[in-house]
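The values are calculated or read from the model by the stated rules, or taken from the named source; none is laboratory data. Small disclaimer: the values here were computed from a predicted structure and weren't measured. No Cβ is skipped: glycine too gets one built from the backbone with ideal geometry, and neighbour counts run over all protein chains shown. Quick note on the areas: whole protein, heavy atoms, side chains included, nothing else; ligands and nucleic acids left out. Shrake-Rupley method; radii C 1.70, N 1.55, O 1.52, S 1.80 Å.
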Amino acid sequence: MSKRRKATPDFQSEAEERAFWESHDSSDYVDWSKAQRVSLPNLKPSTKTISLRLPVALLERIKIEANKRDMPYQSLIKAWLAEDVARNHSG
């Protein structure tokens, strides 16, 4: 016998919906056993700006390496960090 689900309210704003779901159990409203996996390949990951102090000489060397690869130096730093994390911290 399946659980009777509550009707999802109509929300006036995203903030109102967010507040609702923060204080309500979604399983009262959604039958998660019928959920299907979806792929959203065009979504870009959220980013956060950080401040990072580097020695000037190191930054200049990074910029030279980025220039050799014809890419922005910040992109190169992100790529190197992602590679290191994947290599050294997997599993």
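Between E65 and A82, what is the spin-label point distance in nm, taking each point 7 Å from the Cα along the Cα→C-beta axis?
Computed distance between label sites E65 and A82 equals 1.6 nm.
In nm, give the distance between the simple-model label positions of S46 and D31, each being 7 Å from the Cα along the Cα-to-Cβ direction.
The two pseudo-label positions are separated by 3.1 nm.
Of all chymotrypsin sites (Phe, Trp or Tyr not before Pro) in the chain, which ones are in loop regions per DSSP and have a Cβ with at most 10 other Cβ atoms within 10 Å?
none
Among S23, T49, S39, whose Cα sits farthest toward the positive end of the charge dipole of the range 16-80 (+1 at Cβ of Lys/Arg, -1 at Cβ of Asp/Glu, about the Cα centre)?
Going by the Cα projections, it comes out as T49.
Where does helix 56-68 land angle-wise versus the long Cα axis of the chain, in degrees 0 to 90, nearest 10?
Compared with the principal axis, the helix lies near 80 degrees.
Enumerate by residue number the trypsin sites (Lys or Arg not before Pro) in the range 12-58 meeting two conditions: DSSP loop (anything except H, G, I, E, B), and at most 15 other Cβ atoms within 10 Å of the site's Cβ.
Passing both the DSSP loop test and the Cβ count: R37, K48, R53.
Kindly write out, for the range 14-26 in residue order, the coupling ³J(HN,Hα) from the Karplus curve 6.51 cos²θ - 1.76 cosθ + 1.60 (θ = phi - 60°), rounded to whole Hz, with x marking Gly and Pro.
5, 5, 5, 5, 4, 4, 4, 5, 5, 10, 10, 7, 5
If Lys and Arg each add +1 and Asp and Glu each add -1, what is the summed charge of the other residues whose beta carbon sits under 12 Å from the beta carbon of D28?
Result for the neighbourhood of D28: +2.
Taking all pairs of different Cα atoms in the chain, averaging 1/r and flipping that mean, what Kirkwood radius in angstroms comes out?
It is 18.6 Å.
Considering only protein heavy atoms and a 1.4 Å probe, what is the carbon-and-sulfur percentage of the accessible area of the chain?
Ligands and nucleic acids excluded, carbon and sulfur reach 52 percent.
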